[in-house]
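Asker: Here you go, one structure.
The values are calculated or read from the model by the stated rules, or taken from the named source; none is laboratory data. Just so we're clear, the structure is a prediction, and the values are computed from it rather than from any experiment. Glycine gets a Cβ as well: all are built from the backbone with ideal geometry, and neighbour counts include every protein chain shown. These area figures cover heavy atoms from the full protein model, side chains too; ligands, DNA and RNA do not enter into them. Shrake-Rupley method; radii C 1.70, N 1.55, O 1.52, S 1.80 Å.
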Amino acid sequence: MSVQLNHTIVSCRDQQRSASFLSGILGLPPATRFGHFLVVQADNDVSLDFAETTGPITPQHYAFLVSETEFDAARSQRQAINHRDGGRGLYFEDPDGHLLEILTRPYGSGPPPAL
């Protein structure tokens, strides 16, 4: 078996708001309940499991590889597109201050820099 990321826990104030925000931006199905988590399932079988907390939330970074079409749909009302590795990417915050990123090419996948 190869090593794969299965899930990560995302701390939030309001599970429904945060899970709906992510699902809506990425065009994913609505979150499902698993115990006390609200789970957003990505297409590669990795899930983001939203857990409510009243304590401090340390902002984390989550990056999502998307197609050009998905990028166009997700970027509505957002600015500052970068063009690293011949693709497009942008950063934005979720309702709890986590830094989300969408990109159309993995970092390091572009042509080598000209000498």
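Asker: Given a 1.4 Å probe, how much area per residue of the stretch 1-59 is accessible, in Å²?
Answerer: Working: 3840 Å² over 59 residues.
Here the per-residue accessible area is 65 Å².
Asker: Can I ask one more? Kindly provide the helix-only [θ] at 222 nm of the chain, computed as the sum of -39,500 (n - 2.57) over DSSP H runs of four or more divided by all residues, to the nearest 500 deg cm²/dmol? Provide the component values of the computation, followed by the final result.
Answerer: Working: 2 runs with 19 residues, N = 115.
Computed ellipticity for the chain at 222 nm equals -5000 deg cm²/dmol.
Asker: From largest to smallest, what semi-axes in whole angstrom does the stretch 1-75 give when each is the square root of 5 times an eigenvalue of its alpha carbon gyration tensor? Each step should come with its number before you reach the end.
Answerer: Details: eigenvalues 84, 52, 30 Å².
Listed largest to smallest, the semi-axes of the stretch 1-75 are 21, 16, 12 Å.
Asker: Pick from P56, P30, P95: which residue has the top mean-square fluctuation in a GNM of the chain where Cα pairs under 10 Å get a spring?
Answerer: Looking only at P56, P30, P95, the largest GNM fluctuation is found for P56.
Asker: Could you tell me how many degrees, from 0 to 90 and to the nearest 10, lie between the Cα long axis of helix 15-26 and the main elongation axis, the longest principal axis, of the Cα atoms of the chain?
Answerer: Value to nearest ten degrees: 20.
Asker: Does a label point 7 Å from the Cα of I9, set along Cα-to-beta-carbon, have any residues of the stretch 36-56 with amide nitrogen under 14 Å, and which are they?
Answerer: 36-39, 48-56
Asker: Another question about this same structure. Note down the nm distance, to one decimal, between modelled labels 7 Å out along Cα→Cβ at N82 and at M1.
Answerer: Label at N82, label at M1, 3.4 nm between them.
Asker: Return the single residue from A19, A80, A51 with maximal mean-square fluctuation; model: Gaussian network over the chain, springs between Cα atoms under 10 Å.
Answerer: Fluctuation is largest for A80.
Asker: Here's a follow-up. How many percent of DSSP beta bridges within the chain run antiparallel, rounded to 5? Each step should come with its number before you reach the end.
Answerer: On the way: 13 of 24 bridges.
If I count the DSSP bridges inside the chain, around 55 percent turn out antiparallel.
Asker: Where nothing but the Cβ of Lys and Arg (+1) and of Asp and Glu (-1) is charged, how large is the charge dipole of the chain around its Cα centre, in debye to the nearest 20? Write down the numbers at each step before the final one.
Answerer: Working: 8 positive and 13 negative charges, 32 e Å.
With only Lys, Arg, Asp and Glu charged at Cβ, the dipole is about 160 debye.
Asker: I would also like to ask the following. Once the piece of chain linking Y62 and Y107 is laid out straight, how much longer is it, given 0.36 nm per residue of separation minus the C-alpha distance between them? Walk me through the intermediate numbers first.
Answerer: Numbers: separation 45, 0.36 × 45 = 16.20 nm, distance 1.38 nm.
Taking Y62 through Y107 to full extension adds about 14.8 nm, to one decimal.
Asker: Of all accessible surface on the chain at a 1.4 Å probe, what whole percent is carbon and sulfur?
Answerer: 56
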